[in-house]
Each structure stands twice: as structure tokens, then as C-alpha cells.
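Just so it is clear, none of the values below were taken in a lab; they were calculated from the coordinates. As the structure is a computational prediction, the values presented were derived from the model and not from experiment. Note that each Cβ is placed from the backbone with ideal geometry, even for glycine, and that neighbours are counted across all protein chains shown.
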Amino acid sequence: MKTITLKLTNSLLAVALVFGLFACGGSKAGKDALSVKQQGESLIEVYCTGPDYQSNKDKFRASAIGESLDQMVAKKKASTNVKAELASLVQTTIKGTIDNYVNSTEMNNVEQVEERYESLTREVVNQKLTNVKVICEKHTKTSENKYKTYLAIEISATDLLEAMNSKLSQDAKLKVDYDYEKFKNTFNKEMEKLEQKNSGLNY
């Protein structure tokens, strides 16, 4: 009889211990959830962003947001912001291309040559930025009655390269030493670096 009572007591203690562990776990989870709520954190969705809207070896892409009490102003802000973002990205890539290209040649007056390349390519980029492709556009209204425009745009790396080649090959100061295939290969390497950098951001 004592043996049965002892076994029953041990079983009840085991059950109580299991329930106690679950209760502690539930209490901790509840505290964690409460802590996040107390911090005012909430999940939000940012439109026109993510892997599908990042630059790769074939496309330059950029995303931006514009906000205003006026819907048209919000859209204009988004357009201005996204073009500035794209221009910065393209200029950085072109600068890297020119630096590596010129350094791999045996030209005289390297600094002057670089300045000439940068000046001509800047003209091309400015022209191309007036004709970008919109790949995402969303409009929302906040609880504060403000309008938001989410925008993503892109330009083709191939189109940009062809436009730069046309400009560079016709320049009297550069066309003697200008090597399109070498410039193209250098540009493509910079685009591959850009894609690898963005791939590292996609967790």
C-alpha cells in the first residue's frame, strides 16, 4: 500500500513539475511580448523595396519615399529623391569604372584624362536620368492625413554603356586611346561588384 502511495505521489510531483515549467515559459513569453509592445514596436511594410528592387549586373535600381499633405507634392518628392539616389549609385559605379580603366592604361596626363571621361559620362548619365523606367509606384494615406508615395525606378546598364560608348568614341581628345572592349569589361566588373554587394544584403 505504501509502495502504491509513493508511486502516486511521485507521479503527481512529476506532473506538477511539467506544468510548472510550462507556466514559467508562458510567463516569460508573455513578458517578452509585453516588453516589445511597451517599446511601441510594430511591423510595417515598406513598398517598392526588397530584392526585386535592388541593382544587379544588368540594371541600376533605386527606391525612395515622398511624404506631404498634398498628394502631388508627395509624388514629386518621391521622384526627386529616387532620381537623386539612382544618380548617386550610377556616378559611383562610373567613377570606379573610369579609375580602374585609366589606371590599367599607359596614358599620359592621367588626371586630365580622368576628368575628361568623368565630364563626358556625367552628361550621358544626366540625359539618361530623364528617361528612367518606373518599376513600382504605390500611394498611401497615413492616420495623420498625409500622403505617401513609394517609388522604384531603373535604367538598363547596357543602354547606359552604349550611350557612354557613343559619347566617348566621338570625342577628339579620347578616341585615339579609347578602347571600347576594355572599357566595357571594366564596367561589367563594377556591375558584378554591385550585384554581389546587394546579394549580401538579402538575408
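Brief remarks follow.
- Label-point gap, in nm, between Asn185 and Lys173 - each point 7 angstrom along Cα→Cβ: 2.7 nm
- Region 62-164 - Rg over Rh from alpha carbon coordinates, Kirkwood radius: 1.15
- By the beta-carbon count within 10 Å of each Cβ, the least crowded to most crowded order of Leu69, Leu160, Leu89, Leu43, fewest first, is Leu43, Leu69, Leu89, Leu160.
- Across region 167-183, rounded Karplus estimates of 3J(HN,Hα) from the backbone phi angles (6.51 cos²θ - 1.76 cosθ + 1.60, θ = phi - 60°) give 6, 5, 6, 9, 7, 4, 7, 10, 5, 5, 9, 6, 10, 4, 4, 5, 5 Hz, Gly and Pro being marked x.
- Couplings 3J(HN,Hα) of region 55-70, computed from phi: 5, 9, 6, 10, 9, 8, 9, 8, 10, 7, 10, x, 9, 6, 6, 10 Hz, in residue order, whole Hz [Karplus 6.51 cos²θ - 1.76 cosθ + 1.60, θ = phi - 60°; x for Gly and Pro].
- For region 146-163, backbone phi angles converted through the Karplus equation (6.51, -1.76, 1.60; θ = phi - 60°) give residue-by-residue couplings of 9, 9, 10, 10, 9, 9, 9, 10, 8, 9, 6, 5, 5, 4, 5, 4, 5, 5 Hz, Gly and Pro being listed as x.
- Near Thr92: Cβ cut-off under 13 Å, other residues only, Lys/Arg at +1 and Asp/Glu at -1. The net charge is 0.
- Amide H to amide H, with H built 1.01 Å from N, Ser55 comes under 5 Å of Arg61, counting only residues 5 or more places away or on other chains.
- Centre separation in Å (Cα based) which lies between region 58-134 and region 152-203: 12 Å
- In region 158-203, the trypsin sites (Lys or Arg not before Pro) that fall in loop regions by DSSP, at most 14 other Cβ within 10 Å: Lys173, Lys175
- Here the gap between Ser68 and Asn131, fully extended at 0.36 nm per residue and compared with their Cα-Cα distance, gives a gain of 20.2 nm.
- Applying 1/(1 + (r/R0)^6) with r as the Cβ-Cβ distance of Glu106 and Ser166 and R0 = 22 angstrom yields a FRET efficiency of 0.35.
- Given their separation in residues at 0.36 nm each and the Cα-Cα distance between them, Val46 and Glu118 gain 22.4 nm when the chain is fully extended.
- Rounded if a/c under 1.5, otherwise prolate or oblate - region 50-120, Cα gyration tensor axes: oblate
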